[in-house]
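Worksheet for the structure shown next.
The values are calculated or read from the model by the stated rules, or taken from the named source; none is laboratory data. Quick caveat: nothing in here was measured; it's all calculated off a predicted structure. Neighbour counts are summed over all protein chains in view; Cβ atoms, including those assigned to glycine, are modelled from backbone coordinates with ideal geometry. Calculation scope for accessible area: heavy atoms of the full protein, side chains included, ligands and nucleic acids excluded. Shrake-Rupley method; radii C 1.70, N 1.55, O 1.52, S 1.80 Å.
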Amino acid sequence: MMILENLARKGDFVRRELSRCVAAMCPGVVRVEYHCHDEGDLLNELALIRCADGVTRRVDVTGLGLLETTNAVLKGVTQEAAG
C-alpha cells in the first residue's frame, strides 16, 4: 500500500510541479509526463520529456526518490539540448 502511495505522489509531482518548472526553465520543453508500467514482478517508471519540436526523450526514473527524479529529468533535458 505504501509503495502505491509513493508512486502516486511521485507521478503527481512529476506531472505538476516538475513539469511546470522544467517547461518554465527550458523554452523548448512543453511538459514532462510520468508513466508507470507494471510488468508482473517488474515495475518500470519513466519520465517523458515532450519538446515543442516533437522530440520525446525517455528518462528511466524507476526506484528514484523525488530529488533523484528531478536530477535525472534535468540531466535528460540538458542532454537533449546538447545533442
| Out of these labelled values of Rg and Dmax of the Cα atoms in Å, (1) 25.0, 81; (2) 12.6, 40; (3) 23.6, 72, which was calculated from the coordinates shown here? | (2)
| query | Using heavy-atom solvent-accessible surface (probe 1.4 Å) with all chains present, what is the largest-first order of ARG16, ARG58? | reply | ARG58, ARG16
| remark: Most fluctuating of ALA24, ALA47, ALA72 in the GNM of the chain (C-alpha, under 10 Å) is ALA24
| note | Carbon and sulfur atoms account, in whole percent of the 1.4 Å probe accessible area of the chain, for 56 percent
| request: Give the relative contact order (percent, whole number) for segment 6-68; include only Cα pairs under 8 Å separated by 6+ residues. | output: 25 percent
| message | Suppose all protein chains stay in the model; what accessible area per residue would a 1.4 Å probe give for the chain, in Å²? | response | 64 Å²
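If you stretched the chain out fully between PHE13 and LEU43, how much longer would it get, using 0.36 nm times the residue separation minus the C-alpha to C-alpha distance?
Once the chain is fully extended between PHE13 and LEU43, it gains 9.0 nm.
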| query | Where nothing but the Cβ of Lys and Arg (+1) and of Asp and Glu (-1) is charged, how large is the charge dipole of the chain around its Cα centre, in debye to the nearest 20? | reply | 400 debye
